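Data block below; observations after.
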Amino acid sequence: MPAIEKEMNVVVVGLGVGGLYASKYAAGTNRKAKITIIEKRDFDQFSPCGLPYAIEGVVKDFMDLRYAVPVGGRTTKLLNHEVLSMDSTARKLKVKDLQNGNSEEIPFDTLVMATGADPVLLPVPGAVEFLGKGVHFCTNPANAEALRNAALASKKKTACVVGGGATGLEVAAALKVLGLDVHVTKRTPPVMADIFDPDMGALVLAKLAELGIHEYFGKGIDSINGKDQVESVTIAGQIIPCDLVVMAAGMKSRILIADGTGIIVNKNGFVTDERMETNISGIFAVGDCAESFSRLDGTRGPALLATTAYRQGAIAGINAAGGEAKYKGFYNTFVSFVGNMEIAATGLNLQAAQQAGYTNTKAILVKGELRPHYIQNNSELTLKIIVDGNTAKILGGQAMGKEGAAWRINVIGLMVTHGLTVQDLEDTEFAYCPPVSDVFDVLSRAADIAFKRLGKPGQ
């Protein structure tokens with residue numbers, strides 16, 4: 001697409017992944033666009049996904065998670081600035097400089113909202129009262145470092161993590177490394193039920209047990225107890241002494257900027273279309289604050305992944321600068337690292353596939369070593385692929401193991417993206433060297449089994 005040369009003001013609110021790439025793609029699309037980035041923090045960016053590993057000590061210093069975003073030319077960066085209100089008709093923002101307290105109006109022709117999300121504080125007795133007195137979040141370098149310091153200073157050496165998603169389990173594993181006795185609770189019993197099938201979720205529970213982490217899935221927290229500080233929690237009637245509680249029970253989109261503007265929002269955030277545009281022309285939303293749609297079945301919801309925010313930001317940036325691009329939807333390619341195990345998934349799990357109308361769905365589960373049997377220090381991988389029995393198209397996959405889960409899920413993600421089949425997977429040539437891989441990779445094994453299950457033997 002040829003570069004656009006049209007004078008216009010593009011404003012980006014929020015300097016997370018989505019906001020960063022919106023500004024980059026806007027600048028690259030329109031040579032005469034003026035880009036203004038507004039960020040409430042007093043520093044540029046940080047890696048939220050690295051926080052649990054900084055708590056664990058894998059990252060040397062919390063400051064290492066921060067990094068600067070160079071700007072210049074037509075791009076202006078306003079740190080320590082907060083948007084107080086928006087006039088969507090007059091196309092202007094009221095912005096406050098948090099250093100000197102002064103306010104100003106910033107006009108815009110187009111606007112990209114990348115405001116992110118805030119952690120959910122569950123409405124249980126004691127949660128509000130003990131916030132900062134034993135109740136912690138893990139959402140930015142400051143509160144994550146405070147959590148680590150509290151763990152190291154803990155007298156009871158016992159922590160309760162509320163939430164069984166990726167962040168909750170990563171933090172639980174990190175606290176265990178720091179020497180704490182860790183309890184994890186979530187109100188619903190399945191492990192990441194929107195991502196993993198029950199048989200794969202059971203592997204996560206087995207890993208938690210191996211690490212010595214106590215899980216109370218299906219038993220939500222009743223209360224947080226104490227006098228001046230957290231002293232215990234009550235889970236399903238059982239009192240567990242502890243002096244540290246981590247709230248990792250989900251995120252809620254930041255949407256206050258849209259109050260009174262007419263922009264449509266719901267529980268997932270700003271409602272957007274395939275251009276990442278809201279119902280008001282020229283106003284876009286990306287990342288954790290935006291509701292978009294699944295590439296596979298059209299289901300609407302938030303993605304809450306950095307890789308998704310990057311793509312949405314790029315699409316919104318192009319469109320905000322006068323270009324034309326369409327977002328194709330998310331399919332939630334995901335990986336986490338709990339203890340010493342990679343857990344990864346992409347696309348639809350079995351239940352989601354059936355709910356999406358794939359009535360003849362096949363689940364292929366394989367488990368095997370990643371290298372030839374004669375290689376020392378070998379490791380196993382469990383892989384599951386979801387296949388449409390009518391077309392042989394691959395709909396999703398899940399993988400877990402000490403290593404190798406992520407890249408195999410990336411391969412399956414590529415298959416899902418392009419609507420490829422088990423025949424295509426069978427035909428894919430993988431690199432082989434004994435210390436690295438086996439001749440007949442677990443991916444190839446899964447494809448071979450799928451052919452047999454579908455009544456179409458591999459060739």
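Residue-by-condition table, conditions (1) within 23 Å of the chain's Cα centre (by Cα); (2) buried (at least 19 other Cβ atoms within 10 Å of the Cβ):
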position: Asp228; (1), (2): no, no
position: Thr234; (1), (2): no, no
position: Gly237; (1), (2): no, no
position: Asp243; (1), (2): no, yes
position: Val246; (1), (2): yes, yes
position: Ser253; (1), (2): yes, yes
position: Ile257; (1), (2): yes, yes
position: Thr272; (1), (2): yes, yes
position: Arg275; (1), (2): yes, no
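Total residues in region 118-141 satisfying the condition of being in contact with a strand residue (DSSP E or B) (Cβ under 6 Å, 6 or more places away or on another chain) and on the phi > 0 side of the Ramachandran plot: the figure is 2.
Which count do you get for residues in region 143-170 that are touching a residue at least 60 places away in the same chain (Cβ under 8 Å) and under 12 Å from Leu244 (Cα atoms)? Even if it seems obvious, please write down each step before you answer.
Here is the first cut: in region 143-170, the ones touching a residue at least 60 places away in the same chain (Cβ under 8 Å) are 144-145, 147-148, 150-151, 154-156, 158-163, 165-170.
Applying the additional criterion that residues be under 12 Å from Leu244 (Cα atoms) yields 147-148, 150-151, 154-156, 158-162.
Count: 12.
Exactly one residue among Val416, Val442, Val436, Val411 is of a type in the set (Val, Ile, Thr), out of contact with any Gly (no Cβ under 6 Å at 6 or more places or on another chain), modelled with pLDDT of 95 or more and not assigned by TED's automatic domain parsing to the domain that holds Lys207, and that residue is Val411. Determine the pairs where a residue that is more than 14 Å from Lys367 (Cα to Cα), located within region 420-446, has a partner that is in a helix (DSSP H, G or I) and aromatic (Phe, Trp, Tyr) with Cβ atoms under 9 Å apart, the partner being 6 or more residues away or on another chain. The qualifying pairs are Val422/Phe451; Gln423/Phe451; Glu426/Phe451.
Can you pull out the residues in region 19-68 that are part of a strand (DSSP E or B), within 20 Å of Tyr310 (Cα to Cα) and not β-branched (Val, Ile, Thr)?
Asn30, Gln45, Phe46, Arg66, Tyr67
When restricted to residues that are among the basic types (Lys, Arg) and in contact with a helix residue (DSSP H, G or I) (Cβ under 8 Å, 6 or more places away or on another chain), region 370-392 contains 1.
Considering only region 220-315, give the strands (runs of 3 or more DSSP E) lying wholly within it that have at least 2 residues that are of a type in the set (Gly, Ala, Ser) and not assigned by TED's automatic domain parsing to the domain that holds Ala166.
On the way: elements: 221-226, 230-235, 238-241, 244-247, 251-253, 269-271, 283-285, 290-293.
Answer list for region 220-315: 290-293.
For Glu210, the conditions (1) in a helix (DSSP H, G or I); (2) out of contact with any Asp or Glu (no Cβ under 6 Å at 6 or more places or on another chain); (3) surrounded by 22 or more Cβ atoms within 10 Å (Cβ to Cβ) all hold with the exception of (3). The C-beta contact set for region 1-26 (first residue within 14 Å of Met276 (Cβ to Cβ), second residue acidic (Asp, Glu) and outside any strand (DSSP E or B), distance under 7 angstrom, 6+ apart or interchain) comprises Val10/Asp109; Gly14/Glu39. Residue pairs whose Cβ atoms lie under 7 Å apart, separated by 6 or more positions or on different chains, with the first residue in region 59-86 and without any contact (Cβ under 8 Å) to a residue 24 or more places away in the chain and outside the structural domain of Asn140 (by TED's automatic domain parsing) and the second in a strand (DSSP E or B) and buried (at least 16 other Cβ atoms within 10 Å of the Cβ), are Tyr67/Gln45; Leu84/Val95; Leu84/Lys96.
So, in region 184-203, of the ones that are charged (D, E, K, R) and at pLDDT 95 or above, which residue ends up nearest to Ala166 (Cα to Cα)? Checked region 184-203; the qualifying residue nearest to Ala166 (Cα to Cα) is Lys186. The set of residues in region 51-88 being more than 30 Å from Ala173 (Cα to Cα) and modelled with pLDDT under 95 consists of Val69, Pro70, Val71, Gly72, Gly73, Arg74.
Of the strands (runs of 3 or more DSSP E) lying entirely inside region 97-198, those carrying at least 2 residues that are surrounded by 15 or more Cβ atoms within 10 Å (Cβ to Cβ) and among the β-branched types (Val, Ile, Thr) are 110-113, 158-162, 181-186.
What number of residues in region 66-81 are charged (D, E, K, R) and over 13 Å from Val11 (Cα atoms)?
Qualifying residue count, region 66-81: 1.
Just need a number here: residues in region 107-148 that are over 29 Å from Ala314 (Cα atoms), of a type outside the set (Lys, Arg) and more than 22 Å from the chain's Cα centre (by Cα). The qualifying residues number 13. Selection of region 320-360 for residues being more than 27 Å from the chain's Cα centre (by Cα) and over 30 Å from Phe108 (Cβ atoms) yields Thr359, Asn360.
Just checking, which of Thr115, Thr167 is touching a strand residue (DSSP E or B) at 6+ places or on another chain (Cβ under 7 Å) and of a type in the set (S, T, N, Q)? Break it down stepwise before answering.
Values: Thr167 fails: touching a strand residue (DSSP E or B) at 6+ places or on another chain (Cβ under 7 Å).
On inspection, the qualifying residue turns out to be Thr115.
When the residues of region 394-432 are filtered to those that are of a type in the set (Ser, Thr, Tyr) and surrounded by fewer than 18 Cβ atoms within 10 Å (Cβ to Cβ), the one that is farthest from the chain's Cα centre (by Cα) is Tyr432.
The values are calculated or read from the model by the stated rules, or taken from the named source; none is laboratory data. Small disclaimer: the values here were computed from a predicted structure and weren't measured. Here Cβ is always computed from backbone atoms with ideal geometry, including for glycine, and neighbour counts include all displayed protein chains.
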